[in-house]
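Undergrad: Handing you this structure, nothing more for now.
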Amino acid sequence: MIGEGVDGPNKEAVEAATQTVKETTRSVAGAIEGDRRPGAPLDRLARWAQEAPLHAVMIAFLVGVLLGRRRR
């Protein structure tokens, strides 16, 4: 496990970092779950991506590349 065998001030730093990562993970997971509600933006984006034909996605990608190169 992370932090095993660590002594002194480093142990406290590792424990604090581990706790911060756990809290951040819970927060991000909660935000994703909230946006997966029917009709929420993430749900709409997921449905659109599943329904979009591959050629339409490829055309959108190429247009994005062309516009990105033009602005340099």
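The values are calculated or read from the model by the stated rules, or taken from the named source; none is laboratory data. Here the structure is a predicted model, which is why all the values come from computation and not from measurement. All Cβ positions, glycine included, derive from the backbone under ideal geometry; neighbour counts span all protein chains shown. Note: areas computed on protein heavy atoms with side chains; ligands, DNA, RNA excluded. Shrake-Rupley method; radii C 1.70, N 1.55, O 1.52, S 1.80 Å.
Undergrad: Please work out which residue is farthest from the chain's Cα centre (by Cα), limiting yourself to region 34-56 and to residues that are acidic (Asp, Glu) and modelled with pLDDT of 80 or more.
TA: As a first pass, look at region 34-56 and keep what is acidic (Asp, Glu): 35, 43, 51.
Within this subset, residues satisfying the condition of being modelled with pLDDT of 80 or more are 43, 51.
Values: 43: 14, 51: 21 Å.
Once the filter is applied, the top-ranked residue is 51.
Undergrad: Moving to a separate point now. From the residues in region 46-58 that are open to solvent by 100 Å² or more (accessible area, probe 1.4 Å) and aliphatic (A, V, I, L, M), which one is farthest from residue 33 (Cα to Cα)? Walk me through it before giving the result.
TA: Quick first cut of region 46-58, residues open to solvent by 100 Å² or more (accessible area, probe 1.4 Å) only: 47-48, 50-51, 54-55, 58.
From what is left, the residues that are aliphatic (A, V, I, L, M) are 54, 58.
Working: 54: 27, 58: 29 Å.
Selected residue: 58.
Undergrad: Next question, about the same structure. Report, ordered by the first and then the second residue, all pairs with beta carbons closer than 7 Å, sequence separation of six or more or different chains, a first member in region 21-39 that is in a loop (DSSP other than H, G, I, E, B), and a second member that is of a type outside the set (Phe, Trp, Tyr).
TA: 36/42; 36/43; 37/43
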